[in-house]
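Working notes, structure below.
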Amino acid sequence: MNITKSLLLFCTALSSSWLQAQDPGWTITAQDINPNRYYGVSVANGMIGIVSSATPLKVNDVVLNGTFDSYGRGRVSNILKVFDFANMDLEVDGQRVDRTGIQHYQQELDMKHATLTTSFTFGNKVVVKESIRALRHLPHTALIDVEIQAKADVEITPHSVLSSPDLLRDVENFYHTIDRPHSLIPLMTSVAKSPTGKHLVAASNSIIFNEPRGKEPALIHEEWDSGLHRLKFSKKLKAGETYRFSIVGSVISTEHTPDPHNEAERLTIFAALERRDRLVQRHNEAWDKLWESDIIIEGDPEAQRAARFSLYHLYSFCREGQAYSLSPMGLSGLGYNGHVFWDTEIWMYPPVLLMHPEIAKSLLEYRFERMDAARQNAKSHGYQGVMFPWESDDKGQEATPVWALTGPFQHHITGDVGFAFWKYYQVTQDKAWLKDRGYPLLKEVADFWVSRAEKGKDGKYHIINVVCADEWAENVDDNAYTNGMAREVLSFANQAARELGFPENSRWKEVAEGLVIYKFPDGVTKEYATYNGEIIKQGDVNLLAYPMKQVTDPKDIKKDLDYYWKVLADNQPGRKGQSPAMAHGIFSILYNRLGETDKAYELYMDSYKPNEVPPFGVLAETAGGTNPYFATGAGGYLQTLLAGFGGLDITDKGIIQLKTRLPKHWKSLTLKGIGVDKKTYVVK
């Protein structure tokens, strides 16, 4: 059986496992949970990310945005896994609940309100349901709801468990209660240093009881060792009785506050006294506001599920009003060390910009606030302006491991950042932002490219010695994508100057007009100066037609598409799974814009379906991969809907809609809440 057929059969079986018991619009249900083939789903709020586990009442990872330290591979800074404050244990009649003793085990994600619910039966004794939310309105806080229904007379002993990952050091555990006439607030807190001592990290938990003050169960605190302590209570239940309680927990570090120990406890106290119903109400309201911008597909429940699932993840991984960006794996774990790449500006940012410009602004602020580091990077390499790092950490420093040549040479990232800044202005027309943020950055990006380009004997400008957007092409000259992006942002910088009443910069114009992009004799764009048909990791040249507008003639776009589709790694015998998900998405968009809808739909499916892994269908980076969640792939997939079948295009006139056609079996595609005016676009 060949690899492609195997993947198709695997994906068909996978789809059936999660589509059985779901509302196809908003929920995803995992029923066949195999710990050996389990890839967790995230609940996140742009600050904390909690990743589910195949083990009942446990989570796999908790990550905290913006908190980095040097540890692990590569001698570079990595995002931190922090305290596991969302774990629980449960004893029923003295017997610890684990995987071996449960039945009817399932997990269900409610995408509409970002809630993961786990449920199971423990013998003939209890039915347990646990729901986890990373509270959208409280960035450092999570809420865990627990419901235990007795099938017989039983005694239950739930434990709230607070444990430290091995990488944190000098762990200290604390427990105390705040006793007021109206409320008892138990606080279980852990504080530790990050691996080098760069940060202090603190987490604090409390239990919210529904009983009146003075009627709560008696609490017992146990410290097992420096890395783990727990808070437990016991309760006798009659058959048919249902008992409910909640746990609130907060985690924070010196990245966010100078005093994380006290602040973690304050945030937990605040949440505990807000009480469960109010927390859920405000969390739901915040998610309802996010979903005012939505993608609605009529006639294809599977496409609707996939669209919402991708949107859910991008919405979960970023938030308004902060200066953090998106890593390729979002807040789903430690993948790619939590660093920020071009994946943000070219792949994930465009859907966010169209759906929620106010959140997109936060992603840009991450880059703006780290311009000092980018200036130093340019200076160190002998250039002017700003040179953004290929892998950016919390401080905006180059954090690429030294064995990867992308760090010193993948310079198109600086153009990608400038490109994203101009697109924000095109969408919002926010001239005050352009003056304070957009133009100051674009000016220094343009200065970088002027210093980076070299005038050759041919009188043209060349960019020598780069790693391409197709990363398999290293240390080559005049990469089409790099030169094309430099052309775009040099022109955008002058356009921004004109918008603000400043004079044009003649050097920016001269270099933009003089940069070369080579072609074969038949008119196909060459990926770089000496390119001669080598297999490519992903489309590079094709990005000149979208999202750039360097290639606009449909005949030229078609030539480039047909040529580079044939040399894409995924299309070579025995090499399926070597191209990232978003490679297929760009081909889908461009074939759609050329009117080849059937081909576009085939590639749309290729942009996500082979990359789904069980039991939820989270996206891996490549077909058959095992490293979810690949938020970059979600961004590329969403662009097939927004810019492909939806026809949206960002221009100097703002967001416009191009003529487009849908797959034959789709009845309609509605793009709701688009741009600053929250317009609705419909394709039928």
- Query: For the peptides 125-131, 627-633, 148-154, what is the packing order when you average, over each peptide's residues, the other Cβ atoms within 10 Å and list the highest mean first?
  - Reply: 627-633, 125-131, 148-154
- Message: Before I look further, what does the stretch 86-238 give for accessible area per residue, probe 1.4 Å, in whole square angstrom?
- Response: 40
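Given the Cα-Cα distance of A152 and D553 and 0.36 nm per residue of separation, how much length would full extension add, in nm? Walk me through the numbers on the way to the answer.
Details: separation 401, 0.36 × 401 = 144.36 nm, distance 7.30 nm.
My answer for the length gained is 137.1 nm.
What does the extension gain come out to for W224 and T680, with contour length at 0.36 nm per residue minus their alpha carbon separation?
Values: separation 456, 0.36 × 456 = 164.16 nm, distance 5.59 nm.
Difference between extended and current length: 158.6 nm.
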- Note on the structure: On each of the three principal axes the extent of the alpha-carbon atoms of the stretch 118-277, given in whole Å and largest first, is 52, 34, 28
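Within the set K555/K684; K609/K659; K193/K576, which residue pairs have Cα atoms separated by over 32 Å? If you can, show how the numbers build up before the last one.
On the way: K555/K684 27 Å; K609/K659 26 Å; K193/K576 43 Å.
From K555/K684; K609/K659; K193/K576, over 32 Å: K193/K576.
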- Note on the structure: Note to self: with every protein chain in place and a 1.4 Å probe, the stretch 436-490 gives an accessible area per residue in Å² of 33
- Size of charge dipole - the chain - debye, nearest 20, with Cβ of Lys, Arg +1 and Asp, Glu -1, no other charges: 980
- Taking all pairs of different Cα atoms in the stretch 42-113, averaging 1/r and flipping that mean, what Kirkwood radius in angstroms comes out? 14.7
- Suppose every K and R has +1 on its Cβ and every D and E has -1 on its Cβ; what is the size of the dipole of the stretch 207-307 about the Cα centre, in Debye to the nearest 20? 820
- For the stretch 191-286, run through the trypsin sites (Lys or Arg not before Pro) and keep only the ones in DSSP coil with at most 10 other Cβ atoms within 10 Å of their Cβ. K215, K238
- Any chance you could give the angle, 0 to 90 degrees and rounded to 10, that helix 301-317 forms with the longest Cα principal axis of the chain? 80
- Query: Per the 1.4 Å probe, what fraction of the accessible area of the stretch 399-485, in percent, lies on carbon and sulfur atoms?
  - Reply: 51
- Can you work out ³J(HN,Hα) from phi for every residue in the stretch 385-393, in order, using Karplus 6.51 cos²θ - 1.76 cosθ + 1.60 and θ = phi - 60°, giving whole Hz and x for Gly and Pro? x, 10, 10, 6, x, 5, 10, 9, 9
- Query: Which distance in Å, rounded to a whole number, links the C-alpha centroids of the stretch 588-610 and the stretch 296-357?
  - Reply: 20
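Over 15 Å apart: what share of the alpha carbon pairs of the stretch 215-299 falls there, rounded to a whole percent?
Values: 2750 of 3570 pairs.
Distances greater than 15 Å cover 77 percent of the Cα pairs.
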- Task: Taking the Cα centre of the stretch 250-358 as origin, sum charge times position over the Cβ atoms of Lys and Arg (+1) and Asp and Glu (-1), and report the length of that vector in debye to the nearest 20.
- Result: 300
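Mind giving me the FRET efficiency for Q429 and D562? R0 is 35 Å, r the Cβ-Cβ distance, nearest 0.05 is fine.
Details: r = 37 Å, r/R0 = 1.07.
The calculated FRET efficiency here is 0.40.
Given Cα pairs under 8 Å that are at least 6 residues apart, what percent is the relative contact order of the stretch 502-569? Numbers along the way, then the final one.
Values: 50 pairs, mean separation 20.6, N = 68.
About 30 percent, as a whole number.
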- Message: How would the stretch 550-684 be classified by its alpha-carbon gyration tensor: rounded, prolate or oblate, with rounded meaning a/c under 1.5 and the a/b versus b/c comparison settling the rest?
- Response: oblate
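Can you list which of the GluC sites (Glu not before Pro) found in the stretch 320-358 are DSSP loop residues with at most 14 other C-beta atoms within 10 Å?
Values: sites: E320, E345, E358; in loops: E320.
Sparse-neighbourhood loop GluC sites (Glu not before Pro): E320.
Summarise the accessible area of the stretch 166-247 (1.4 Å probe, protein heavy atoms) by the percent that is carbon and sulfur.
On the way: 1990 of 4040 Å².
Whole-percent figure for carbon plus sulfur exposure: 49.
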- Note on the structure: Projected onto the charge dipole of the stretch 210-334 (unit charges on the beta-carbon of Lys, Arg, Asp and Glu, signs +1, +1, -1, -1), the Cα from I295, H261, A271 with the largest positive-side position is that of A271
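Using a ≥ b ≥ c from the Cα gyration tensor of the stretch 565-640 (square roots of the eigenvalues), is it rounded, prolate or oblate, where a/c under 1.5 gives rounded and otherwise the larger of a/b and b/c decides, a/b for prolate? Mind showing how you got there, number by number?
Numbers: a/c = 2.19, a/b = 1.36, b/c = 1.60.
Oblate is the answer for the stretch 565-640, as a/c is 1.5 or above yet b/c matches or exceeds a/b.
What is the ratio of the Cα radius of gyration of the chain to 2.2 N^0.38 Å, where N is its residue count, to two decimals?
Numbers: Rg = 26.1 Å, N = 684, 2.2 N^0.38 = 26.3 Å.
Scaled against compact globular proteins, the figure is 0.99.
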- Message: Can you compute the label reach from K664? Point 7 Å from Cα along the Cβ direction, backbone N cut-off under 20 Å, restricted to the stretch 291-316.
- Response: 298-304
- Query: Given 20 °C and 1.002 mPa s, how large is the Stokes-Einstein diffusion coefficient of the stretch 402-476 in µm²/s, with Rh as the Kirkwood radius over Cα pairs?
  - Reply: 152
- Query: Which one of G635, L671, S607 is farthest out on the positive end of the charge dipole of the stretch 596-684, using unit charges on Cβ (Lys, Arg +1; Asp, Glu -1) and the Cα centre as origin?
  - Reply: L671
- Item | Relative contact order for the stretch 348-471, counting Cα pairs under 8 Å that sit 6 or more residues apart, in percent | 24
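Compute the Cα gyration tensor for the stretch 628-677, then decide on rounded, prolate or oblate, letting a ≥ b ≥ c be the square roots of its eigenvalues: rounded whenever a/c is under 1.5, prolate when a/b is larger than b/c in the other cases, and oblate in all that remain. Working shown, then result.
On the way: a/c = 1.93, a/b = 1.13, b/c = 1.71.
In terms of gyration-tensor shape, oblate.
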- With the other protein chains left in place, how much accessible area per residue, in square angstrom, belongs to the stretch 548-684 at a 1.4 angstrom probe? 37
- Among I586, F68, T622 the positive-end extreme of the charge dipole of the chain (Cβ point charges): I586
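When the accessible area of the stretch 635-684 is split by element with a 1.4 Å probe, what percent falls to carbon and sulfur?
Details: 1170 of 2290 Å².
The value for the stretch 635-684 is 51 percent carbon and sulfur by accessible area.
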- Message: Tell me the relative contact order for the stretch 137-280 as a rounded percent, counting alpha carbon contacts under 8 Å between residues six or more apart.
- Response: 34
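If you take the beta carbon distance between F502 and Q572 as r and set R0 to 41 Å, what does 1/(1 + (r/R0)^6) give as a FRET efficiency, to the nearest 0.05? Walk me through the intermediate numbers first.
Details: r = 49 Å, r/R0 = 1.21.
In this case the efficiency is close to 0.25.
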- Query: What nm distance separates the two modelled labels at W403 and S491, each placed 7 Å from Cα along Cα→Cβ?
  - Reply: 4.1
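The values are calculated or read from the model by the stated rules, or taken from the named source; none is laboratory data. This structure is a prediction, so every number in the text was calculated from the model and none was measured. A quick note on method: Cβ atoms are made from the backbone with ideal geometry, for glycine too, and the neighbour counts reach across all protein chains shown. Keep in mind that these areas ignore ligands, DNA and RNA; they rest on the heavy atoms of the full protein, side chains included. Shrake-Rupley method; radii C 1.70, N 1.55, O 1.52, S 1.80 Å.
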